[in-house]
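**Q** Structure provided below as structure tokens; questions to follow.
No value in this document is a laboratory result; all are computed from the given coordinates. These numbers come from a predicted model, not from an experiment. A quick note on method: Cβ atoms are made from the backbone with ideal geometry, for glycine too, and the neighbour counts reach across all protein chains shown.
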Amino acid sequence: MHISCTEEVSLAANAHEADELHAGLVAEQTWISPKFLYDALGSKLFEAICELPEYYPTRTEAAIFARHGAEMARVAGLGSTLVDLGAGNCAKAASLFPLLQPAQYVPIDISSEFLCDALVRLRQRFPHIAMEGLGMDFSQRFELPPQVREERRLFFYPGSSIGNFTPEEAQGFLRRLRAQCGDDGGVLIGVDLAKDKATLDAAYDDALGVTAAFNLNVLRHVNHLIGADFDIRAWRHHGFYNAARGRVEMHLEALRRQEVRWNRGGRVFEAGDCIHTENSYKYQQADAIALLERSGFEATRVWTDPQRWFAVIHAQA
Ligand code: AVJ
């Protein structure tokens, strides 16, 4: 969906999304894709998460951008077509505009209403940069419309959103990016690095309960998308590091036995049943580089923070 900011935005699920939600909810291991965390409220709750003292990734990555942005611009080159994947409020890319000086900025986000609001403000701040907002899901297949310049495409994928994919899925995704960036493009990607469990547990189960609200909000969104009747009060948030699997997991646990119905189905959840809502894989720096190289990119430079908690990697086609 091209963002013109005039269209009706709060739509019910399309056929593909409805199929995916239905399949996940009737599966033995119940799951909801993390992309459904991001309706307009979910995007705002994620913005609040980024302000939390426990949620170190945003702050750590911002410090890396602030310190090394000029060098990133030298390595990635000026005048690119900057394609921002999961742009949200567009703040990270905007912080790099003065250094990167993109010829065109293309923010993409599944949360189209939220993106639209951000884009209105961004166009006022940077009237000289051509912008093309796209409200769409890019996690599976995606095609960039003809308005997106083909020259010097720089895919910007900050925040370690890559962690929502399994490493195998991440490779498929990066290969699709590689195929779309021609021979003169590249990727600037943020990757959260493996660290101690206490830090990770706190980051995904904060004292204020903002992450809990963010996770529970997925049920509200699903109620809206497929006409479900989840009672949000009957569920609780879990967010923790699973060291054996190298990932943080978020789940929602049923607090009591309950029946939930939706347009095309329904099921009973027993007390203690869990819905898996997110994985957030944490990488070793070398493994992240190897993943990029297996996907057809050549890693050119890595920037990290003094604690080595987070890495920003530039890789070229
Ligand atoms: C936006 C996917 C990078 O995994 O850290 C934040 C989402 N989930 N708190 C992450 C999230 C819980 C975030 N990403």
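**Q** Over 15 Å from Gly246 (Cβ atoms) and assigned to a loop (DSSP other than H, G, I, E, B): does that describe Arg149?
**A** Yes: the conditions hold for Arg149.
**Q** Can you tell me which residue within the stretch 297-314, out of those that are over 19 Å from the mean Cα position of the chain (by Cα) and part of a strand (DSSP E or B), is nearest to Arg178 (Cα to Cα)?
**A** Out of the qualifying residues, it is Glu298.
**Q** Taking interchain pairs and intrachain pairs at least six residues apart, which have beta carbon atoms under 9 angstrom, with the first residue in the stretch 16-33 and assigned to a helix (DSSP H, G or I) and the second hydroxyl-bearing (Ser, Thr, Tyr)?
**A** Glu17/Ser33; Glu20/Ser33; Leu21/Ser33; Gly24/Thr30; Gly24/Ser33
**Q** Which residues, taken from the stretch 44-53, are surrounded by fewer than 18 Cβ atoms within 10 Å (Cβ to Cβ) and near the ligand (Cβ under 10 Å from one of its atoms)?
**A** Leu52
**Q** Determine whether the stretch 266-284 contains at least one residue that is touching a residue at least 24 places away in the same chain (Cβ under 8 Å) and out of contact with any strand residue (DSSP E or B) (no Cβ under 9 Å at 6 or more places or on another chain).
**A** Looking through the stretch 266-284, none of the residues is touching a residue at least 24 places away in the same chain (Cβ under 8 Å) and out of contact with any strand residue (DSSP E or B) (no Cβ under 9 Å at 6 or more places or on another chain).
**Q** If you don't mind, another one. Of the conditions (1) over 25 Å from Gln104 (Cβ atoms); (2) within 16 Å of the ligand (Cβ to nearest atom); (3) surrounded by 13 or more Cβ atoms within 10 Å (Cβ to Cβ), Gln171 fails just one. Which one is it?
**A** All conditions are met except number (2).
Quick grid of which residues meet (1) closer than 18 Å to Phe214 by Cβ; (2) within 21 Å of the chain's Cα centre (by Cα):
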| residue | (1), (2) |
| --- | --- |
| Ile232 | yes, no |
| Ala243 | no, no |
| Arg256 | no, no |
| Asp273 | no, no |
| Asn279 | yes, yes |
| Ser295 | no, yes |
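**Q** Right, here's the next one. Which of the residues belonging to the stretch 266-291 are of a type outside the set (A, V, I, L, M), buried (at least 18 other Cβ atoms within 10 Å of the Cβ) and over 12 Å from His237 (Cα atoms)?
**A** Selection gives Phe269, Asn279, Ser280, Tyr281, Lys282, Tyr283.
**Q** Now, a different point. Name the single residue, out of those in the stretch 254-296 being assigned to a loop (DSSP other than H, G, I, E, B) and of a type in the set (Gly, Ala, Ser), that is nearest to Gly182 (Cα to Cα).
**A** Among them, the one singled out is Gly296.
**Q** Can you name the residue in the stretch 104-136 that is charged (D, E, K, R) and outside any helix (DSSP H, G or I) and is also surrounded by the most Cβ atoms within 10 Å (Cβ to Cβ) among such residues?
**A** My answer is Asp109.
**Q** Mind listing just one residue for me: the one in the stretch 54-69 that is closer than 13 Å to Ala91 by Cβ and within 14 Å of the ligand (Cβ to nearest atom) and, of those, nearest to the chain's Cα centre (by Cα)? Don't jump to the end; show me each part of the working.
**A** Going residue by residue through the stretch 54-69, those that are closer than 13 Å to Ala91 by Cβ are 58-59, 61-62, 65-66.
Filter again for within 14 Å of the ligand (Cβ to nearest atom), leaving 58-59, 61-62.
Details: Thr58: 12, Arg59: 16, Glu61: 14, Ala62: 16 Å.
For the stretch 54-69, the residue satisfying everything is Thr58.
**Q** When you scan the stretch 2-20, do you find a residue that is over 28 Å from Gly185 (Cβ atoms), within 16 Å of the ligand (Cβ to nearest atom) and of a type in the set (Ser, Thr, Tyr), even just one?
**A** So far as the stretch 2-20 goes, no, none of its residues is over 28 Å from Gly185 (Cβ atoms), within 16 Å of the ligand (Cβ to nearest atom) and of a type in the set (Ser, Thr, Tyr).
**Q** In the stretch 202-251, which residues are away from the ligand (no atom under 12 Å from the Cβ), in a helix (DSSP H, G or I) and not aliphatic (A, V, I, L, M)?
**A** Arg220, His221, Asn223, His224, Arg233, Arg245, listed by residue number.
Residue-by-condition table, conditions (1) aromatic (Phe, Trp, Tyr); (2) without any contact (Cβ under 8 Å) to a residue 40 or more places away in the chain; (3) farther than 25 Å from Leu41 by Cβ:
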residue: Arg123; (1), (2), (3): no, yes, no
residue: Phe126; (1), (2), (3): yes, yes, yes
residue: Phe165; (1), (2), (3): yes, no, no
residue: Gln171; (1), (2), (3): no, no, yes
residue: Leu188; (1), (2), (3): no, no, yes
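**Q** Let me ask another. Conditions: (1) assigned to a strand (DSSP E or B); (2) within 16 Å of the ligand (Cβ to nearest atom). Leu154 meets all but one. Number of the miss?
**A** (2)
**Q** Condition test on Glu61, is it in a helix (DSSP H, G or I), of a type in the set (D, E, K, R) and touching a Gly at 6+ places or on another chain (Cβ under 6 Å)?
**A** yes
**Q** If you go through the stretch 258-290, how many residues are away from the ligand (no atom under 16 Å from the Cβ) and over 30 Å from Asp231 (Cβ atoms)?
**A** 6
**Q** Tell me which residues, restricted to the stretch 70-91, are away from the ligand (no atom under 15 Å from the Cβ) and either part of a loop (DSSP other than H, G, I, E, B) or surrounded by fewer than 17 Cβ atoms within 10 Å (Cβ to Cβ) (or both).
**A** Ala70, Glu71, Arg74, Val75, Gly77, Leu78, Gly79, Ser80
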